[in-house]
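A short reminder: the numbers here are calculations on the coordinates, not readings from a lab. Because the structure is a prediction, the values reported are computed rather than measured. Note: ideal-geometry Cβ built from the backbone for every residue, glycine included; neighbour counts use all protein chains shown.
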Amino acid sequence: MDKKIKFLPDKDTFKFFLYKRLDTVNIKNEEIDEYLNDTFKHSSKRFSLIKNKYFQDDNYIYFRTGHYCQFFILIYELTKIIYLKEKNDLCEKLFFLNTVQSNLDIYYTTNLPKKFFLVHPFASIVGSRTIFKENSSLIIYNNCNLGRNTSDDHPIVEGNLIMLPNSSIVGKCFIKGNVILSNGSYLNNPGEIKDKIVFGRYPNNIYKDIKQEIFDAWNEFI
């Protein structure tokens, strides 16, 4: 049985808060109202995959007025819907709003995995040409970077990637299995990484096998 959506403190307050944010970039309520039901539907599917108590419990999927990471996902979904249907100039305004309100740079053409979770992600970037395969997942903390290098090579994520604060992958990389980048790690063209926790900075990275229970301790998905 599907869980019901519960807006906190209530749906009218939630929508009012959303409209006030949109007004800061000169977007009127009527310009996005027709997309809101689909936006809530798509966002709730994402929230339903996250076990964090602020996103759901045994009874409800929550939309919280004051949860900026939820709002990032909401605006991202809204922008994707509009882009795929119309490709109009609202998308640029919404992208600007999302970047300013969260200090997180993920362009609306980026195809994020279904399982995507943000943990205080200030100053993080996910490059728009990073490839996420079906059933991949991404958890991202603050000051992380996932994107291209000077040779225009891009990461491919086939497995489950957790990026702890101040970690980066640039260039040719294939993430498989369960991978955690430790705090401050930096990888440049690392090639295939599978079932590892990574320490250190290029060219002196250290790779250690990761046990399932260690990965599960950091994992936020059902």
Using alpha carbons only: equivalent-ellipsoid semi-axes of region 98-217, gyration tensor based, whole Å: 20, 16, 14
Applied in sequence order to region 133-144, the curve 6.51 cos²θ - 1.76 cosθ + 1.60 (Karplus, θ = phi - 60°) yields integer Hz couplings, x standing for Gly and Pro, of 7, 4, 6, 6, 8, 9, 10, 10, 9, 7, 6, 10
Computed over the chain: longest principal axis from alpha-carbon atoms vs helix 90-102 long axis, angle to nearest 10 degrees, is 60
Can you give me the angle between helix 68-85 and the longest principal axis of the chain, using Cα atoms only, in degrees from 0 to 90, rounded to the nearest 10? 80
Gain in span if fully extended, residue 202 to residue 2, counting 0.36 nm per residue against the direct Cα distance: 67.4 nm
Toy charge model, Lys and Arg Cβ at +1, Asp and Glu Cβ at -1: the chain dipole around Cα centroid in debye, rounded to 20, equals 320
Once each part is reduced to its C-alpha centroid, what is the distance from region 21-79 to region 162-222 in angstrom? 29
Between residue 60 and residue 150, what is the spin-label point distance in nm, taking each point 7 Å from the Cα along the Cα→C-beta axis? 5.3
Using θ = phi - 60° and the Karplus form 6.51 cos²θ - 1.76 cosθ + 1.60, what ³J(HN,Hα) does each residue of region 118-132 get, whole Hz, x for Gly and Pro? 10, 10, 6, x, 4, 6, 9, 9, 10, x, 5, 9, 5, 9, 10
Give 11/133; 172/211; 114/176; 176/208; 53/114; 45/85 a once-over and call out the pairs whose C-alpha atoms are over 23 Å from each other. 11/133; 172/211
Restricting to Cα pairs under 8 Å and 6 or more apart, the percent relative contact order of region 1-79 works out to 44
Equivalent ellipsoid semi-axes - Cα gyration tensor, the chain, angstrom: 31, 20, 14
Given an 8 Å cut-off on Cα distances and at least 6 residues of separation, report the relative contact order of region 92-181 as a percent. 22
Out of 72, 159, 123 - ranked by how far each Cα lies towards the positive end of the dipole of the chain, with unit charges on the beta-carbon of charged residues - the top one is 159
Could you tell me the largest-minus-smallest coordinate of the C-alpha atoms of region 35-134 on each of the three principal axes, in descending order and whole angstroms? 39, 30, 29
Simple label model, 7 Å out from Cα along Cβ direction - residue 45 to residue 222, nm: 1.4
In terms of modelled amide H atoms, which long-range or inter-chain residues lie less than 5 Å from the amide H of residue 160? 137, 177, 178, 179
Relative contact order of the chain, pairs being alpha-carbon contacts under 8 Å that are 6 or more residues apart, as %: 12
Using θ = phi - 60° and the Karplus form 6.51 cos²θ - 1.76 cosθ + 1.60, what ³J(HN,Hα) does each residue of region 159-173 get, whole Hz, x for Gly and Pro? x, 10, 10, 10, 10, 6, x, 6, 9, 8, 10, 10, x, 6, 8
C-alpha long axis of helix 29-47 to longest principal axis of the chain, angle in °: 40
Between residue 89 and residue 28, what is the spin-label point distance in nm, taking each point 7 Å from the Cα along the Cα→C-beta axis? 1.4
